[in-house]
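What follows is a single structure, written as structure tokens, with notes after it.
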Amino acid sequence: MSTWTKVARYQMVQRFNYVTLPWAALALLFAAQWATITMLGMHDARLTGLVAIYAVFFIVGVSTVARSLPFGLALGLSRRSYYLGTVLLALTLTAVDGLLLAGLQEVERATGGWGLGMFFFRVQYILDGPWFLTWLTSFVALTLAFVYGMWWGLVYLRWRRMGIRVFLVAQIIALLAVGLTADRFAAWPNIGRFFTDLSATGLTGVLAAAAAALLVGGYAAIRRVAV
């Protein structure tokens, strides 16, 4: 655990990327949405730029592995210690940021959408329930975004540009296969009902399972990463 903590502290040398950048992107989109609603009078419009913080966590996850892993190994860290320490940092950050998102959602609800009927921190069916469910869903989704980004970094270090291309194409093929299968069996209405009827807790469970699978897979994959 001491080594993992040291790895987390080593990563925090890039404090701006982990702490400031996600919230700077979110603040920028919040200001843009607030200005748009104010000028156009689009009250109660269910628009949100909340996806920005998840996108930044994904990008940070990519850069964390692609840029800092080689230097970390040069310092004498093992691959597994680096991975577990980075995951520890990610879980800490996502837990804190998820709590902040839950708090801001409560403020938004209490102020009637910042006095404009905004739905920036409240996403219908996903992030619009009690604060603790919002925290849990945000925590899980942010973790998933970060770990998914780490996978891109691992693939790049292991197979470089060709690996990235194959990784991307494989995901596109998988999505197309799912889409064609659903179309073949006329399953789109059932899929739509599944995600519409799925409670926030159920969706969080699905996201948590995906995050856990990526975490475990990443722990195994990093053993073969060449730098």
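The values are calculated or read from the model by the stated rules, or taken from the named source; none is laboratory data. None of these values were measured; they are calculated from a predicted model. Cβ placement follows ideal geometry from the backbone for every residue including glycine, while neighbour counts extend to all protein chains displayed. These area figures cover heavy atoms from the full protein model, side chains too; ligands, DNA and RNA do not enter into them. Shrake-Rupley method; radii C 1.70, N 1.55, O 1.52, S 1.80 Å.
Brief remarks on what is shown
- Subset of the stretch 44-99 (residues that are over 29 Å from residue 131 (Cβ atoms), touching a residue at least 60 places away in the same chain (Cβ under 8 Å) and among the aromatic types (Phe, Trp, Tyr)): 82, 83
Okay, residues lined up against (1) under 29 Å from residue 171 (Cα atoms); (2) in a strand (DSSP E or B); (3) open to solvent by less than 30 Å² (accessible area, probe 1.4 Å); (4) out of contact with any Ser or Thr (no Cβ under 9 Å at 6 or more places or on another chain):
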residue	(1), (2), (3), (4)
65	yes, no, yes, no
82	yes, no, yes, no
97	yes, no, yes, no
101	no, no, yes, no
109	no, no, no, yes
115	no, no, no, yes
121	no, no, yes, no
143	yes, no, yes, no
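For every residue, the table says whether it meets (1) among the aromatic types (Phe, Trp, Tyr); (2) within 20 Å of residue 61 (Cα to Cα).
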site: 133; (1), (2): no, no
site: 140; (1), (2): no, yes
site: 143; (1), (2): no, yes
site: 146; (1), (2): yes, yes
site: 154; (1), (2): no, yes
site: 161; (1), (2): no, yes
site: 167; (1), (2): yes, yes
site: 173; (1), (2): no, no
site: 180; (1), (2): no, no
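- Scanning the stretch 123-135 for residues that are farther than 14 Å from residue 47 by Cα and open to solvent by less than 70 Å² (accessible area, probe 1.4 Å) yields a count of 4.
- Any chance residue 70 is of a type outside the set (A, V, I, L, M, F, W, C) and buried (at least 18 other Cβ atoms within 10 Å of the Cβ): no
- Exclusive hit being more than 15 Å from the chain's Cα centre (by Cα) and either of a type in the set (Gly, Ala, Ser) or within 23 Å of residue 164 (Cα to Cα) (or both), set 98, 76: 76
- Qualifying position, being modelled with pLDDT of 90 or more and not small (Gly, Ala, Ser), among 75, 69, 29, 40: 29
- Where a residue in the stretch 156-178 is under 17 Å from residue 70 (Cβ atoms) and its partner, wherever it lies, is surrounded by fewer than 10 Cβ atoms within 10 Å (Cβ to Cβ) and of a type in the set (A, V, I, L, M), with Cβ under 9 Å and at least six apart: 157/226; 158/226
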